[in-house]
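J.: Below you will find the structure I want to go over with you.
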Amino acid sequence: MQSGTLLGRAALAGAALAIALAIDFVSKWLIVNIVMVPPRTIEIAPFFNLTLGFNTGVSFGMFRELFLEQPLLLAAIMAAIAAGLFVWALRTTRRIETFALGLVAGGAAGNVVDRVLHGAVTDFLDLHVGDWHWPAFNMADVMITAGVVLLLTGSLWPARSTVSIAERPGRSRFTG
């Protein structure tokens, strides 16, 4: 489905960004201020726990030492990436891409807010198989992943033509 006007694309991308940011903010606030008081591990399922953690690095804690003393530098880099994704969302004409990029930008923005306010990203979702644990993550990461999945899925669907039948090549507007 095509998204015609810049205003329409901005509204759709902005809505996706706001949804992702709100879900991330509310979930982190609930975890830090209610659920994890006191901090502990809560088993939800045999493969899923809630465990409070703080990531000062990039994805999966990479480059932790590099940004430990400069969390605002990483926040600035991430903010620039989020802004670039939002601009990309405004430039695409496919609604699924616009929404997906808004989700990714919103998730990135949620983690930027965390870094600015706390110097680290609050993580609390813990998937595991036996003793092997995936690095803890949060709802911003879920929004980023959902956006990427939508973006990839949308790329598999053929784009609809925006040219009317009367304007297709080989047909004149003046002939019947």
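The values are calculated or read from the model by the stated rules, or taken from the named source; none is laboratory data. Because the structure is a prediction, the values reported are computed rather than measured. Counting neighbours? That spans all protein chains shown, and the Cβs are built from the backbone with ideal geometry, glycine included.
J.: Would it be correct to say that GLY154 is at pLDDT 85 or above and not basic (Lys, Arg)?
T.: yes
J.: Hey, another quick one. Against the definition (in contact with a Ser or Thr (Cβ under 8 Å, 6 or more places away or on another chain), more than 20 Å from ALA18 (Cβ to Cβ), among the aliphatic types (A, V, I, L, M) and crowded, with 19+ Cβ neighbours inside 10 Å), how does ALA89 come out, yes or no?
T.: Here the answer is no, as ALA89 does not meet what is asked.
J.: When segment 116-132 is examined, which residues are found to be without any contact (Cβ under 8 Å) to a residue 60 or more places away in the chain and hydrophobic (A, V, I, L, M, F, W, C)?
T.: Within segment 116-132, VAL116, LEU117, TRP132 meet the criteria.
J.: Name the residue that is surrounded by the most Cβ atoms within 10 Å (Cβ to Cβ), counting only residues in segment 104-157 that are of a type in the set (Val, Ile, Thr) and more than 11 Å from the chain's Cα centre (by Cα).
T.: Within segment 104-157, the match that is surrounded by the most Cβ atoms within 10 Å (Cβ to Cβ) is VAL121.
J.: Can you tell me which residue is surrounded by the most Cβ atoms within 10 Å (Cβ to Cβ) among those in segment 42-54 that are in contact (Cβ under 8 Å) with a residue 24 or more places away in the chain and within 12 Å of LEU125 (Cβ to Cβ)?
T.: The extreme case among them is LEU52.
J.: Taking the options GLY14, GLY57, name whichever one is closer than 20 Å to GLY84 by Cβ, under 19 Å from the mean Cα position of the chain (by Cα) and of a type outside the set (A, V, I, L, M).
T.: GLY14
J.: Does LEU90 qualify as being of a type outside the set (Ser, Thr, Tyr) and modelled with pLDDT under 90?
T.: No: the conditions fail for LEU90.
J.: All but one of (1) closer than 16 Å to ASP24 by Cα; (2) modelled with pLDDT of 95 or more; (3) polar (S, T, N, Q) hold for THR98; which doesn't?
T.: Failing condition for THR98: (1).
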